[in-house]
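A short worksheet on the structure shown next.
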Amino acid sequence: MNRYQRCGRPLLLALLVLGANGLSAQEGEAPELVTNTFSWSQVINAQTIEVVPRKRSFGFMIQHRFGAITPDEQSYKQFLGLDLPANIRFGFQYAVSDRMHLEIGRSKNGKVVDLAGKARILRQTVDDRMPVSVTGFFDAGIMTDDFPTVGSDIYFADGTTPFVYAFKHRMSYNTQVIVARRFNDVLSLQAAGVAVYRNLAPKGEENLTLAVPLSGRVKVSIKGSILFEYAPVVAGRSPNNQLDPASIAYELATLGHVFQIIIGTSSEIIEQRLYTSPVIPYDQGQILLGFNIARTLFVKPKMPR
């Protein structure tokens, strides 16, 4: 055995050890997470799997829906619904961690103040070890408008107890589990299971309503996207609500800003009212316009001491 062979054995052993260490290091590395499945916390009306992305950062949004556009000359007289009564919601978000934010909002219709929490449960990974992202959402709404007048001949469901309003009748709740996948740089799709519970429902309607909103995003440029959503109401449908909410939008998104121009079928915004109120008869050619504006204010993370 010559000296080159004697030197080669230690070198080969060292390479094997380094290779094994490198493989172990790769196996121990955290998988790379998929980001930007959607641009902000809502598709159009439906919640997305996204949260305010950085701890201690803030989000602010304005959601506005104009009146209905009808397929007759009234559309021109009402300036495409812009002269008609509109609905608007202001929302404020705060990220308590990188995976969860809290939210407070106020809507014009019903003068509803709502408090919400949203948290990531699972994150999609680039290597597909986790193929989807899953987020949970809960919202409680308080109707602050005056109760409508009721006659003395109105009773509770038992038919004998005279009806009297109580504070609990102002409350409604919305619980969701949202599942989404970003397939590539162009297409993202998601589905959600939504349970809405109203402590007080109109006569002939159910307290519990279930919906399955289906939505997605198709990017058409670096900053621009087409958004769509359709929300079948699968249980607890109002007798006067035979159509399901649907919307499309064009979105312009930059780092920290999102602007959407919307064509929709309902002036309602929060899910407690969106999935329980009749939509406009879009099967007869009626639609409405709206917009969403969102701004994220990033706060620099605290430096380690």
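Each value in this text was obtained by applying a stated rule to the coordinates, not by laboratory testing. As the structure is a prediction and not an experimental result, all values here were calculated from the model. Positions of Cβ are generated from backbone atoms using ideal geometry, with glycine treated the same way; all protein chains shown enter the neighbour counts.
In the chain, the ratio of gyration radius to Kirkwood radius, Rg to Rh, stands at 1.16 when only Cα atoms are counted.
A simple rule links phi to the HN-Hα coupling: the Karplus curve 6.51 cos²θ - 1.76 cosθ + 1.60 with θ = phi - 60°, which for the range 36-41 gives 6, 4, 9, 7, 7, 7 Hz, with x for Gly and Pro. Extending 7 Å from Cα along the Cβ direction at Arg129 and again at Asp72 yields two label points whose distance is 6.3 nm. Couplings 3J(HN,Hα) of the range 77-85, computed from phi: 5, 9, 6, 6, x, 6, 7, 7, x Hz, in residue order, whole Hz [Karplus 6.51 cos²θ - 1.76 cosθ + 1.60, θ = phi - 60°; x for Gly and Pro].
Taking Cα pairs under 8 Å and at least six residues apart, what relative contact order does the range 133-204 come out at, in percent?
Working: 98 pairs, mean separation 25.0, N = 72.
Reported as a whole number, the value is 35 percent.
Where in the range 51-133 are there chymotrypsin sites (Phe, Trp or Tyr not before Pro) that are in a DSSP coil and have at most 14 other Cβ atoms within 10 angstrom of their Cβ? Write out the running numbers ahead of the final one.
On the way: sites: Phe58, Phe60, Phe66, Tyr76, Phe79, Phe90, Phe92, Tyr94; in loops: Phe79.
When the chymotrypsin sites (Phe, Trp or Tyr not before Pro) of the range 51-133 are filtered for loop state and at most 14 Cβ neighbours within 10 Å, Phe79 remain.
Taking a 18 Å limit on the Cα-Cα distance, which of the listed pairs Lys55/Lys300; Lys55/Lys302; Lys55/Lys108 fall beyond it? Intermediate results must be reported in sequence, preceding the final value.
Numbers: Lys55/Lys300 9 Å; Lys55/Lys302 10 Å; Lys55/Lys108 30 Å.
Pairs exceeding the cut-off: Lys55/Lys108.
The mean sequence distance of close C-alpha pairs (under 8 Å, at least 6 residues apart), as a share of the length of the chain, puts its relative contact order at 19 percent. Relative to the longest principal axis of the Cα atoms of the chain, the long axis of helix 3-28 makes an angle of roughly 10 degrees.
One Cα centroid belongs to the range 239-261, the other to the range 45-78; the line between them spans 6 Å.
Rounded to the nearest 500 deg cm²/dmol, what is the calculated helix-only ellipticity per residue at 222 nm for the chain, with -39500 (n - 2.57) per DSSP H run of length n ≥ 4? Each step should come with its number before you reach the end.
Numbers: 3 runs with 34 residues, N = 305.
Value at 222 nm, helices only: -3500 deg cm²/dmol.
What stretch of the chain, leaving out the sites themselves, is the longest with no GluC sites (Glu not before Pro) in a DSSP loop having at most 11 other Cβ atoms within 10 Å?
Values: sites that count: Glu29, Glu32, Glu73.
Result, exposed sites excluded: 74-305.
Taking the Cβ-Cβ separation of Ile263 and Thr160 as r and a Förster radius of 41 Å, what is the calculated FRET efficiency to the nearest 0.05?
Working: r = 48 Å, r/R0 = 1.17.
Efficiency at R0 = 41 Å is approximately 0.30.
On a per residue basis, the convex hull of the C-alpha atoms belonging to the range 191-305 measures out at 151 Å³.
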